[in-house]
Amino acid sequence: MKTFKIKKTKTSYKLFDDHEILVGEILFDYFLGRNRRVKINNKLYKVKYSGFLGHFLKFIDESGKLTVMIDSSKSRMFYYGDPYTEIYDFKTKGWWHSSTNLVDHRDDTLLIRMRHRNLFFTSEYEIAITENSFNNTIVILAFLYYNIEAIEN
């Protein structure tokens, strides 16, 4: 598995690959932490909550097209690609759910593992991606966003 690093700044979480190249970032306002967006290269995705109690988390591209939707009540993620829709499931492990895996819905193949450790007044995050070249950046950042929201709120 390839290990990615997550660095927190005042207004973003930056995801770096194993060669220290910026993959993407999660942007938010410094003052209230709202107006969250995901940035990959020069593309921005808005993050919106919907549904009863905000169970649905949607990532919408600049043209208004829904790209990724997370159904937190069923621990499931949908990626709306061009030829077809991909479905992924979340599986948590560890003491206090310290590890969350993203698996393929069809055959439970592990794609991404995210771990976090609570340190004194802060949290440390790590993402590992399978070597079989899973490289859907928006899915990786949506998974990161979902986990950080669940841990910090």
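The values are calculated or read from the model by the stated rules, or taken from the named source; none is laboratory data. Because the structure is predicted, anything quoted here is derived from the model rather than measured. Virtual Cβ from ideal backbone geometry, glycine too; neighbours counted across all protein chains shown. Protein only, heavy atoms only, side chains kept; ligands, DNA and RNA dropped before computing areas. Shrake-Rupley method; radii C 1.70, N 1.55, O 1.52, S 1.80 Å.
Computed over the alpha carbons of the chain, Rg followed by Dmax gives 14.7, 46 Å.
The fraction of accessible area contributed by carbon and sulfur in the chain is 52 percent, rounded to a whole number (1.4 Å probe; ligands and nucleic acids excluded).
When the charge dipole of the range 2-152 is built from unit charges on Cβ atoms (+1 for Lys and Arg, -1 for Asp and Glu) and taken about the Cα centre, the candidate among N35, L57, S98 whose Cα reaches farthest toward its positive end is N35. Per-residue 3J(HN,Hα) values for the range 14-23, derived from phi via the Karplus relation 6.51 cos²θ - 1.76 cosθ + 1.60 with θ = phi - 60°, read 10, 9, 10, 7, 6, 9, 6, 9, 5, 8 Hz in sequence order (x marks Gly and Pro). Students often get this wrong, so check it: of K2/K43; K43/K93; K10/K91, which have C-alpha atoms separated by over 28 Å? Violating the 28 Å limit, Cα to Cα: K43/K93; K10/K91. Full extension of the chain between Y80 and E131 gives 16.1 nm of extra length, using 0.36 nm per residue less the Cα-Cα distance.
Note that the chain presents 61 Å² accessible area per residue, ligands and nucleic acids not counted, probe 1.4 Å. When the listed pairs K5/K46; K5/K74; K5/K65; K39/K65 are checked against a 21 Å cut-off, the alpha-carbon distance exceeds it for K5/K46; K5/K74; K5/K65.
Could you name the aspartates and glutamates in cross-link range of K7, using Cα to Cα under 17 Å and dropping any fewer than eight places away on the same chain? Correct list for K7: D17, D18, E20, E25, D29, E124, E126, E149, E152. Given +1 at the Cβ of Lys and Arg, -1 at the Cβ of Asp and Glu and no other charges, the dipole of the chain around its Cα centre is 520 debye to the nearest 20. With 0.36 nm allotted per residue and the present C-alpha distance subtracted, the L66-H105 stretch has 12.1 nm of extension available.
Treating r as the C-beta distance of L119 and T3 and R0 as 25 Å, the FRET efficiency rounds to 0.85.
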